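Shown next, in structure tokens, is the structure this report addresses.
The values are calculated or read from the model by the stated rules, or taken from the named source; none is laboratory data. In this text, all values refer to a predicted model and were calculated from it rather than measured experimentally. Neighbour counts are summed over all protein chains in view; Cβ atoms, including those assigned to glycine, are modelled from backbone coordinates with ideal geometry. Ligands, DNA and RNA are excluded from the accessible area calculation, which covers all protein heavy atoms including side chains. Shrake-Rupley method; radii C 1.70, N 1.55, O 1.52, S 1.80 Å.
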Amino acid sequence: MSLFASQRVDELRDLLNRHNYLYYVMNSPEISDSEFDCLMHELEKLEREYPELDDEYSPTHRIGSDLNRSFEQTAHIRPMLSLGNTYSIDEVDKFVNTVREALPGEQVTIVGEMKYDGSSISLIYEDGRLIRAVTRGDGQVGDVVTENIKTIRSIPLVLQGEGWPKTFEIRGEVLLPWLEFERLNAEREANGEPLFANPRNAASGTLKMQNSAEVARRGLDAFFYYLLSDDLPADNHYENMQAAAGWGFKVTPVMQKFDTIDEIERFISQWDVERKGLPVATDGLVFKVNSLRQQLNLGYTAKSPRWAIAFKFAAERALTKLRFVSFEVGRTGVVTPVANLDPVLLSGTIVKRASLHNADIVSALDIHQGDMLYVEKGGEIIPKITGVDTAAREPGAEPVSFVSRCPVCDTPLTRDEGEAAWICPNHYGCPPQIVGRIEHFVGRRMMNIDGIGSETARQLYDKGFVRSIADIYDLTVKQLLTLDGFGPRSAERVLEGADASRQVPFDRVVYALSIPGVGQTMSKKVARAARSIDRLMAMTREELTAIDDVGPNMADEIIAYFADERNLQTVERLRAAGLQMQMPDDDGIERSDLLAGQSIVISGTFTRHSRDEYKAKIEQNGGKNVGSISKKTTAVLAGENMGPAKLEKARSLGIPLISEDQFLAMIGG
Ligand code: IVH
């Protein structure tokens, strides 16, 4: 290998790390995106040519991989505690006074900073390199999500500057910026996927994704607020965070030191307003005692430090007039009451509608026609009605009553015992339910037919082109050209999508059918157990409930679905259209029930097969792979370096540990 290559690789990595930092942390790029891409391509090329130069810390490793992996768990070195919450300036004053009283005669400096509303993360660095990233989990044990974290460009894989301890931990919050959050939700909406309620859910969901290439695409960011080590650079929080900033971390830019309560109050009033302009979600401020010696003296309660407190911003609330309550019917027939309001500005957006969820909530709020309602946005994007200003009620206003018949097809509604939801049972005649099923069928996680959004699905139904999901395969260009906004290109795209969907695997076909109660995960389980549509249609209640997680209600729903002549016809037409109606059986995998009834946890690292391969082997032999050890676990497939927390738990519950060789012997391999 040429010396040049090795030198150039080092040079490129340094350059890319520096420009990454300038772009993602400092927001002040010095080169254009295309110059950056050019350097990245050069590095990729050299690493391909000289595989011996590859390094997992190289900036090229930030793109994630398509490999699926289940997360290993590990115990935190120091537990991740939460913070005590306060909701008023008075309570913050009280906190400061309590701290001062506990440290008589001492000068106490308080640091105020932003409380970011994302998903907390702990990063471990050794010799200036990121070696592990762990989610909060239950505070004691978390999931190891290093590969996903590496895709976040503002997190340094290799530290810059100097003075970092040999080993340290840094904690922060992983966030999905508002813009990325809105982009992601718009994309999900177009694909008929459920929306994330807020950036926090989106961030924590993203961190737990199996496919780090998808994580890389989502645009996460991270801010850091807590440095832990036996060998810290300074004796106070503020300087430690400044040092961390010097090593390349994005620390909260809103960070200030205070000596008086007046200053703290001004800081709260200022940020209660200004936070609304920040690019990421925040839910309050955090106040911390600056001196580490004082922190140590103050100590901890069982749940949180005595040296810090969170001040939570009040959810934004507005008062507006109820115009009317509408009742909307979804894909599954559930009828949702929606408050239609006089438009009102709330957290930067105009709110005209808010869900009232169900009949119980409508009656608990005791809403009357024309009431003045309180609307809140909290951390959720979908506004909530939280109360009624009863003093403003018009005399004689009628209470809002829930409809007893479907507002669209007039069928009397039904409600299952113990359920909050009223349902229109006319599943095959009620238009919004049919349109909802069309939308679901074409969604990205189902048949993935591009170009049919909710508006198109409705038009296809209204024009009579699609009344059953099977009609999608009979659509013609001529029909599609009559739809609003369709030209030859978009029509062609739909037909190409329908054509490509013939290759979509059987488990997604099962999901696409909209069998009541059978979601994505259950469709997979049911499809794998049945292996073909013919077998699934013939399965008895006993056979269905023997499938992992299928209860009697779901079994009955599946049986009822296939007992209906209309569904049988749809299935036959889909089969005739060429959809995958069975799992591929030419996979060459032998199956057995040698592990039937076993619940096995996989832990540690292995030499003969990957974790995913072991997971597959457990399932192919009739066993169940579970994520965490409980009383129900029958064995732990233990590799090397199994986490101490898991080891201890298995011992205390008397669960046998089996080595990979023992396991392979058990399944005769
Ligand atoms: S300090 C031992 N500082 O809020 C104290 N936490 O409600 C460690 N959070 O679990 C936490 N911004 O996930 C701290 N500037 C900040 C924060 C912050 C957000 C989160 C963190 C913590 C939770 C507690």
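For the reader, a short list of remarks on this structure follows.
- Euclidean distance between Cα centres, the range 287-305 to the range 199-259, Å: 20
- Distance between the range 424-455 and the range 365-422 - C-alpha centres, whole angstrom: 26
- Note on the chain: antiparallel DSSP beta bridges, both residues inside, total approximately 85 percent of the bridges counted.
- Ordering A420, T349, S204 by the projection of their Cα atoms onto the charge dipole of the chain, which places +1 on the Cβ of Lys and Arg and -1 on the Cβ of Asp and Glu, puts A420 at the extreme positive end.
- Shown is the FRET efficiency for R444 and N340, computed with R0 = 25 Å from the Cβ-Cβ distance and rounded to the nearest 0.05: 0.25.
- Cysteines having no other Cys beta carbon under 4.7 Å from their own, within the chain: C38
- Value of [θ]222 nm, deg cm²/dmol, for the chain, DSSP H segments ≥ 4, -39500 (n - 2.57) each, nearest 500: -11000 deg cm²/dmol
- Magnitude of the charge dipole for the range 539-606, about its Cα centre and with charges confined to Cβ atoms of Lys, Arg (+1) and Asp, Glu (-1), is about 180 debye.
- Relative contact order of the chain, pairs being alpha-carbon contacts under 8 Å that are 6 or more residues apart, as %: 10
- In terms of its C-alpha gyration tensor, the range 538-669 has a prolate overall shape, because the principal axis ratio a/c (a ≥ b ≥ c, square roots of the eigenvalues) is not below 1.5 and a/b outweighs b/c.
- Counting only protein heavy atoms and a 1.4 Å probe, the chain has 49 square angstrom of accessible area per residue.
- Tensor-based shape of the chain (alpha-carbon gyration tensor, a/c under 1.5 rounded, otherwise prolate or oblate): oblate
- Student exercise, the chain dipole from Lys, Arg, Asp, Glu Cβ charges, in Debye to nearest 20: 920
- The chain - percent of accessible surface contributed by carbon and sulfur, probe 1.4 Å: 50
- Gained length - I31 relative to K208, 0.36 nm times residue gap less alpha-carbon distance: 60.4 nm
- Among V215, Y225, N191 - extreme Cα towards positive end, dipole of the range 189-228, charges at beta-carbon: Y225
- The range 125-235 - charge dipole about Cα centre, Lys and Arg +1 at Cβ, Asp and Glu -1, debye rounded to 20: 280
- Dipole of the chain [Lys/Arg +1, Asp/Glu -1 at C-beta], most positive-end residue of H237, L495, I547: I547
- Gyration tensor (alpha-carbon) shape descriptor, the range 117-232, a/c threshold 1.5: prolate
- Summed side-chain charge close to T167 - residues other than T167 whose Cβ falls under 10 Å, Lys, Arg +1, Asp, Glu -1: -4
- Considering only the range 515-669, percent of DSSP beta bridges that pair antiparallel, nearest 5: 20
- Gain on full stretching of the segment that runs from A560 to D90 - 0.36 nm per residue minus C-alpha separation: 163.3 nm
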